[in-house]
Structures are given as structure tokens and as C-alpha cells.
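Student: Got a structure for you, written out below as C-alpha cells; questions coming shortly.
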Amino acid sequence: MLRQPPTRRAFVRLGALGGAAVLAPSLGGCVTDSLSTGTVALPERQSALDVMPVLLVATTRKPVGSPPKPPYFNAERGRGLSFAEVRLSPPDRSLLGKVSSVISGDWTIGAVPKVETGPGAANAFAEAALGRDVLIYVHGYRESFESAAVSAARLSDGIRFRGVSGLFTWPSAAATFDYGYDRESALWSRDAFEDLLKALAATQSAGRINIVAHSMGTLLTLETLRMLRAEAGDAAMNRIGAVVLAAPDIDIDLFTGSVAKLGADVYKITVISSTNDRALELSGAIAGGVVRAGAADRDRLEALGVRVADASDYGGGLINHDLFLSNPEVQGVVKRAISRGGSGACARIVLRPPRPRGGGRPPGLIGPDP
């Protein structure tokens, strides 16, 4: 059964709960930063999204219906940026619910009361954030609006994020053979994403803007940040906290050039890579055989100045493309990056795999030695 949809007044009251506790230290010995956007901390076992299941959505997809109706946003390109407060239904936390979620899924979309499209959409998103820390998820290739929203919720809840959960979703066709359409749609959405980041950066608050992008969404994110730095300068970039690029589906040469143009802000970037990511192998083949950044050797990526978490040994399936949504250790990388908030205090990440069955030493460190 769906929870009672939250009211706007209840959503505003959540501002008092927007504080963040000190997060667990990194396994690699890095010192983490505490977040301080409020006065009352939620318990570590609960995310802010679980308390108030509202996802702020900015999208360049075409809205469906007026008033909105499922699927709410489709695969077509809309007329400018749209904003919506999406009410979610959290998963059942009981034992029975955990068992049934294997079949029925976990987070679901409950309602989308209204959609605002046009010049005021970016500011509406920023106003709804209420000056708190924001986590914006940017999805990858072959994603529908619904699947992107569920992934955003899973990410935010999985890392127990204490601020506002957001999603930037672009017009993916959500089809295997529409890779070209998806890539062009992602790049077409750069201006709208930049407008959103500018609006958030312009708010009078101490809230940080954290971005977690996946797969093809990392191309959109990196290009937008390059534009933001060139056009808005340090004033905007100083508001950017962590930038986590999970399995970046970007030509390594393009990645190298784009990162170089970020200058000192490169230290904000954490790359989650995997040399056995089958999805990136396929996209690399489609792109003419040039290795993707998410499948590149760790040393090559670190030479660019970014943090790297090599998750090659953490995949248990055939694809290994979305470990940041399912693996606790990889989620821990995201959590610690956000806790640092873009600080350059620690440049190395170490993941320690679980011990193999039967005991013995772990199969090696994932990432450089501390």
C-alpha cells in the first residue's frame, strides 16, 4: 500500500532534518568530511528520502498529459527544461517486503502532481531544494523516466543521503538499438543541465551540489561542467561538491581533453571503473574500438588527476555496469566522495574485497596502495 503522499508543508518541515552526521572513515585511511547543512541529524540507518519520499526532477523529456499521467515523461525531446516534485512509494522494510521486492521491485512512483516547463523550471528546482545539500543523479543509456527515477531513489537511499534527492533525466529511447539517439539526446541536454546547475549555484545558501552520473550520463555531466566552469567560473564551481562518474561511457581521448579543461576542479571527480564491464566493451566496439574511460586502466585515469576506484573484482554478473546501485562497497565510494564534498585532502581510494571462501588473503587491493 502506498504511503500517504506528503504535503508541501511537510516537505518544508523536512528542512529541519537536513543535517548530516559524520560519515564512516574510508577503508583506505582517508579522512572524511562532515556535512553541516542543518542542526538535527537523521540516524545512520535512515535516509532523508525514506523520511520524506519526494524526488526533485529536472528533465528535458517531453511531459505526458495535463494534468500529468503515466508514464509522466516519455522518450521524446521536450520544449526546454521541465521540473516536477515526484512522490515516491518507499519499499516495504519488513522481512515479507524484502522477499516480495525481489519480484515486484522496490521504490515506485506514486504520483506526479504537476509539471512546470519553461524558463522558471530551473529556479523552481532550486527553490524546492530549500538551500540544503543536493544529490543529483544523471542516468545512462537505455533508461526510461521510471527506471531512472527508481535508480535515483535506490542510490540516495542506499548511501543514506541526508539532503535533497534529485534526478536530471534526458530523453533516452530506452531501447537497445537506439544508442545513437541516446547519445545525441544526452548532448542536446547540456544547456538545460547547465541552467539547472547555475540556478542551484546562485541560491544564497551553503548547500553543496553533488552529482552522481552513470554510463552515458557521465558524458553529459562532464561536458556540462566544462561549460559551467568556462561561463560561470569559480563562483559556480565552488558550489559543486562531489562528482562521481560511475562506469563512464566516454571515449578515453575525449575524457582526457575534457578533464584537462576543468583545471583545479578535477580533484572533485571520482571515477568508478571496471575493466570487465561488458556494456562498455560493447559501446567501445560501436564507437570504433576506442576504449571507454570506465574500462581504462587505473594508472591511465589517475594520471589525469581524478580519484579512481577500480571495482573490477566486485562484479558478480555478466554485465557489471551498475555496481554503484547494488554493491555496498562500491556505494561506500560514493558516500565517502560526498562526505569529502570536493575536498582535495585525499587523492587515493582503496577498496578491500571480501575474503574468499575458505579464508585466506583477499585477492588484492582494488585501487592504489594507501
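The values are calculated or read from the model by the stated rules, or taken from the named source; none is laboratory data. All values derive from a computational prediction rather than experimental measurement. In this analysis, Cβ positions are derived from the backbone assuming ideal geometry, glycine residues included, and neighbour counts consider all displayed protein chains. Each accessible area value is taken on the protein alone, full model and side chains, heavy atoms only, with ligands, DNA and RNA left out. Shrake-Rupley method; radii C 1.70, N 1.55, O 1.52, S 1.80 Å.
Student: Probe 1.4 Å, all protein chains in place: accessible area of Asp92 in Å², nearest 10?
Tutor: Number for this one is 90 Å².
Student: Can you run the Rg to Rh ratio on segment 140-275? Use alpha carbon positions and the Kirkwood inverse-distance Rh.
Tutor: Over the Cα atoms of segment 140-275, Rg/Rh equals 0.94.
Student: While we're looking at this one, here's another question. Take Glu127 and Asp253, extend 7 Å from each Cα along the Cα→Cβ direction, and tell me the distance between the two endpoints in nm.
Tutor: The modelled label-to-label distance comes out at 4.7 nm.
Student: For Asp299 and Ser326 in one chain, what is 0.36 nm times their gap in residues minus the Cα-Cα distance, to one decimal in nm?
Tutor: 7.2 nm
Student: What FRET efficiency comes out for the pair Val51/Asn74, r = Cβ-Cβ distance, R0 = 22 Å, nearest 0.05?
Tutor: 0.10
Student: Taking a spot 7 Å from the Cα of Asn238 along the direction of its beta carbon, which residues of segment 178-208 have an amide N less than 14 Å from it?
Tutor: 201-208
Student: I need the calculated FRET efficiency for the pair Asp92 and Thr176, taking r as the beta carbon distance and R₀ as 25 Å, to the nearest 0.05.
Tutor: Here the calculated transfer efficiency is 0.20.
Student: Follow-up. Set the Förster distance to 22 Å, then compute FRET efficiency between Gln204 and Glu231 from the Cβ-Cβ distance, nearest 0.05.
Tutor: E between Gln204 and Glu231, to the nearest 0.05, is 0.60.
Student: Treat each spin label as a single point 7 Å out from the Cα along the C-beta direction, and report the Ala260 to Lys114 distance in nm.
Tutor: It works out to 4.9 nm between the two label points.
Student: A further question on this structure: What order, most packed first, do the peptides 195-202, 245-252, 68-75 have when packing is the mean number of other Cβ atoms within 10 Å of each residue?
Tutor: Going by the mean number of other Cβ atoms within 10 Å, highest first, we get 245-252, 195-202, 68-75.
Student: Can you order the peptides 204-212, 267-275 by their average number of other Cβ atoms within 10 Å per residue, highest first?
Tutor: In decreasing order of mean packing, 204-212, 267-275 become 267-275, 204-212.
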